[in-house]
1. Going residue by residue through segment 172-190, is there one that turns out to be in a helix (DSSP H, G or I) and either closer than 30 Å to ALA118 by Cα or of a type in the set (Phe, Trp, Tyr) (or both)?
2. Kindly indicate the residue of segment 157-176 that is at pLDDT 85 or above and among the aliphatic types (A, V, I, L, M) and also most open to solvent (accessible area, probe 1.4 Å) among those meeting that condition.
3. Tell me, please, whether a residue that is out of contact with any helix residue (DSSP H, G or I) (no Cβ under 9 Å at 6 or more places or on another chain), open to solvent by 20 Å² or more (accessible area, probe 1.4 Å), at pLDDT 90 or above and not aliphatic (A, V, I, L, M) can be found in segment 382-393.
4. Filter segment 122-139 down to the residues that are in a loop (DSSP other than H, G, I, E, B) and open to solvent by 60 Å² or more (accessible area, probe 1.4 Å), then identify the one that is nearest to GLU57 (Cα to Cα).
5. Hey, does segment 113-133 have a residue that's β-branched (Val, Ile, Thr) and under 24 Å from the mean Cα position of the chain (by Cα)?
6. If I ask for residues that are open to solvent by less than 40 Å² (accessible area, probe 1.4 Å) and under 13 Å from ALA31 (Cβ atoms), which ones from segment 85-97 would you list?
7. Six or more apart or on different chains, Cβ under 9 Å: which pairs go from a residue in segment 52-77 that's under 17 Å from ALA124 (Cβ atoms) and in contact (Cβ under 8 Å) with a residue 60 or more places away in the chain to one that's loosely packed, with under 15 Cβ neighbours inside 10 Å and among the acidic types (Asp, Glu)? Could you list them?
8. For segment 332-345, indicate whether the set of residues that are of a type in the set (Val, Ile, Thr) and either over 23 Å from VAL141 (Cα atoms) or crowded, with 18+ Cβ neighbours inside 10 Å (or both) is non-empty.
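The values are calculated or read from the model by the stated rules, or taken from the named source; none is laboratory data. Small disclaimer: the values here were computed from a predicted structure and weren't measured. Note that each Cβ is placed from the backbone with ideal geometry, even for glycine, and that neighbours are counted across all protein chains shown. Protein only, heavy atoms only, side chains kept; ligands, DNA and RNA dropped before computing areas. Shrake-Rupley method; radii C 1.70, N 1.55, O 1.52, S 1.80 Å.
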Amino acid sequence: MTRFRQASDRLVDADTAVRRAEADRLAAVAAMIDSYPAPTPMVDSPAAERVVSAGAEGAGAVGEFVALEVGALLGLSEPAAWSLVHDVANLRARHPHLWAAVADLRVEAWQARKVALAAQELSAEAARWVDKKLEAVWGVVPWPRIRRRLAGLIVRADADLARRKAEIARRDRFLSIRHLGDGTSAIAGLIDTGAALQLQAEITRITTRMRKDGAQEPLPILAARALEEIATPTDDDTTATPPLPLADVVVHIAAEALDTAATDGTQVARVLARGGDVGPVLIDQLAHLLGHHRIRVLPVTDLAGDPSVDAYEIPDRIRRQLIIREDGSVFPFSTSRSRTADLDHTIPYRRSTPGSPAPPGQTRISNLGPLGRKEHRAKTAGIWNLSQPEPGVYEWTNRTGRRWRVTRGRTTRLPDLQNRIERIDLAYVHAVVDRPLRIAH
């Protein structure tokens, strides 16, 4: 165990060194921009260096040959060097909170550059608004969740820009069919999301029927067969015309992110259709997106309640409340979504035995949490210990004594538990081994 702890310490030190080196590289590029000599134009010569924008609006200006200097030093092509220069200039001027988070090693440089790139079409004011909204998430929320929130914030920051981009995207629709000469053809395309949801729902209906008829192929193969069936219909399918696909429209606004000054036209909803999470959409775009869908409005759930049942199985009402409260897995920095995760009992469920009835109310909100399958298995095997000192607060300890707390998708480090380094809680492991492994909630 000592060797494993040493290896884990080395990994943490290496990650810190990488983050520091990447942050230093961005800072060095910023210094290159600041110290790059001002262009001295050659009279009447088209070869003269010009002053150009260093990045997006508000990012300042620089001599256009700076990218050649940066590229030569780093072994990058000029386009790649310009991309780096633009991102650094944008981060410093338009995302000051994120720039500070990079310097503090709370966020990796590549993630910061992704944010700068995603927001480059926004005005300087809108970019700084997005930066302020994300200030509290760096270092405590995993990147995929930040990326999803970033997409919604960019839509809210400039609703008109979002509408223009959506219209341009719709105008750029295409479909390409390339015959490969071996009896198969490759299809690629870009179509309207509303139509894609309709197509996806029809494919799901057909693949579900195939499964019921005994088909064993992987789902991607069944989906291809379903598309072939749609393209070459026969009279064999006597299934009645399906109802319009169902879509759940969920408006989930955290209290700290509530924008009471926003108008209806800039409010953002997240659309959850049967085919998956469509993502953030302006309220006034719902009619176009879901015009061919039935809409189900989910009832408001009291997230503060702690309902319970005296059974191992989890009723839909409890499952729905937990999924609304916990958008993703409660494992440290996990990116698993709660809708596809296992719902795990924090304190393992105890079944009745002769002379010892099962304790009441074990299946309750305060004793449940969504976990990805591998996360669930690691916890069940005793490799990770989990406690839930209060509803929605999950404290994890690994086998080397490192500890984390996960609350509402935010992960923070806790002081190490040194006694955990020398021993694993064998009593807990034995208790796990002595009961069946049940993880398919």
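1. Checking segment 172-190: not a single residue is in a helix (DSSP H, G or I) and either closer than 30 Å to ALA118 by Cα or of a type in the set (Phe, Trp, Tyr) (or both).
2. LEU175
3. Yes, the conditions are met somewhere in segment 382-393.
4. Result: GLU135.
5. Looking for residues that are β-branched (Val, Ile, Thr) and under 24 Å from the mean Cα position of the chain (by Cα), one finds at least one in segment 113-133, hence yes.
6. VAL85, VAL88, ALA89
7. Qualifying pairs under 9 Å: GLU57/GLU125; GLY58/GLU125.
8. Taking every residue of segment 332-345 in turn, none turns out to be of a type in the set (Val, Ile, Thr) and either over 23 Å from VAL141 (Cα atoms) or crowded, with 18+ Cβ neighbours inside 10 Å (or both).
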